[in-house]
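**Student:** Below you'll find the structure I mean.
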Amino acid sequence: MRIYREKDYDAMSRRAANIISAEVIRRPDCVLGLATGSTPIGTYKQLAAWNQRGDFSFKEVHSVNLDEYKGLSGDHDQSYRYFMQKNLFDHIDILPENTYVPSGLAEDPEEECRRYDELVKSFGYADLQLLGLGRNGHIGFNEPSDHFVKETHVVDLTESTIEANARFFASADDVPKQALTMGIGCIMAARRILLIASGADKADAIYKTVCGPITPECPASILQLHPDVVLVCDEAALSKLEGTGVEICG
């Protein structure tokens with residue numbers, strides 16, 4: 001696990017965008033696993049700027065997103081499909097038919113989960129999987145639990161996750177209580193994983209991810225077992241790693 005310290009959110013975003021763009025340049029037809037939430041917005045903005053400048057192209061790229069709220073249509077302004085369109089897809093030259101997000105309106109959510117697993121598997125899984133990190137250590141919507149779930153599945157969101165996402169809705173009551181999320185097995189099958197985190201409120205989760213026991217109570221701790229993980233964080237998010245002996249670059 002390689003860890004990079006950046007001064008602030010903007011520097012973290014540029015470093016993450018550099019890693020993703022290098023993957024696209026090296027492998028133009030790569031499969032990118034993408035994440036939503038506030039953390040990757042700066043990274044997506046930087047990627048869009050470089051793409052519009054002509055530095056590289058997404059025309060051969062396929063993308064697979066981690067998750068979607070159950071019950072929200074893709075044109076709902078709080079759905080993750082809408083998020084991806086607004087923050088990335090509408091601003092780059094990726095082909096719309098090459099962008100994949102689970103359907104929040106599937107009549108049979110369990111079948112949609114199985115279909116999505118098969119889709120990602122058919123691509124050979126992600127060449128590079130981008131992850132954010134929840135304050136409770138969740139990745140995708142894999143919440144703290146007593147076991148790791150391998151497959152894409154329907155998950156009940158924890159109160160802390162609902163509260164964290166309430167800022168995007170009129171009230172916490174409007175936040176969906178369930179989501180479809182890529183499972184730990186699918187995430188771990190990615191060739192390379194890029195985890196980004198910013199802010200002091202992520203410091204505990206980063207510490208548990210890097211230094212804690214591997215436990216489903218902190219889903220991100222499973223990343224300790226992956227052969228190629230890069231963490232890019234700002235100083236605040238890495239603050240609790242000081243004095244632990246963990247090697248940090250930058």
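The values are calculated or read from the model by the stated rules, or taken from the named source; none is laboratory data. Keep in mind that what you see is a predicted model, and the values were worked out from it rather than measured. Every residue, glycine as well, gets a Cβ built from its backbone with ideal geometry; the counts of neighbours run over all protein chains shown. Quick note on the areas: whole protein, heavy atoms, side chains included, nothing else; ligands and nucleic acids left out. Shrake-Rupley method; radii C 1.70, N 1.55, O 1.52, S 1.80 Å.
**Student:** May I ask you to derive the FRET efficiency for GLN224 and SER160 from their Cβ-Cβ distance with R0 = 30 Å, giving the value to the nearest 0.05?
**Tutor:** About 0.85, to the nearest 0.05.
**Student:** What whole-number value in Å² describes the accessible area per residue of the range 11-74 for a 1.4 Å probe?
**Tutor:** 38 Å²
**Student:** State whether the range 64-156 is rounded, prolate or oblate according to the following rule on the C-alpha gyration tensor (a ≥ b ≥ c being the square roots of its eigenvalues): a/c under 1.5 gives rounded; otherwise a/b larger than b/c gives prolate, and the remaining case gives oblate.
**Tutor:** It comes out rounded by the Cα gyration axes.
**Student:** Oh, and also: Which percent of the accessible area of the range 2-241 is formed by carbon and sulfur heavy atoms (probe 1.4 angstrom)?
**Tutor:** Summing carbon and sulfur atoms, their accessible area is 49 percent of the total for the range 2-241.
**Student:** Restricting to bridges with both residues inside the chain, how much of the DSSP beta-bridge set is antiparallel, in percent to the nearest 5?
**Tutor:** Percent antiparallel among DSSP bridges in the chain is about 30.
**Student:** Cut-off under 26 Å on the C-alpha distance; same-chain residues fewer than 8 positions from LYS177 excluded. Which lysines are left, in chain and number order?
**Tutor:** Qualifying lysines at Cα under 26 Å: LYS70, LYS86, LYS150, LYS202, LYS208.
**Student:** Right, something else. Compute the separation of the alpha-carbon centres of the range 52-100 and the range 150-215 and state it in Å as a whole number.
**Tutor:** Rounded to whole Å, the Cα centres lie 19 Å apart.
**Student:** Figure the gain on full extension for ARG27 and SER73 (residue separation times 0.36 nm, minus the Cα-Cα span) and round it to one decimal in nm.
**Tutor:** 13.3 nm
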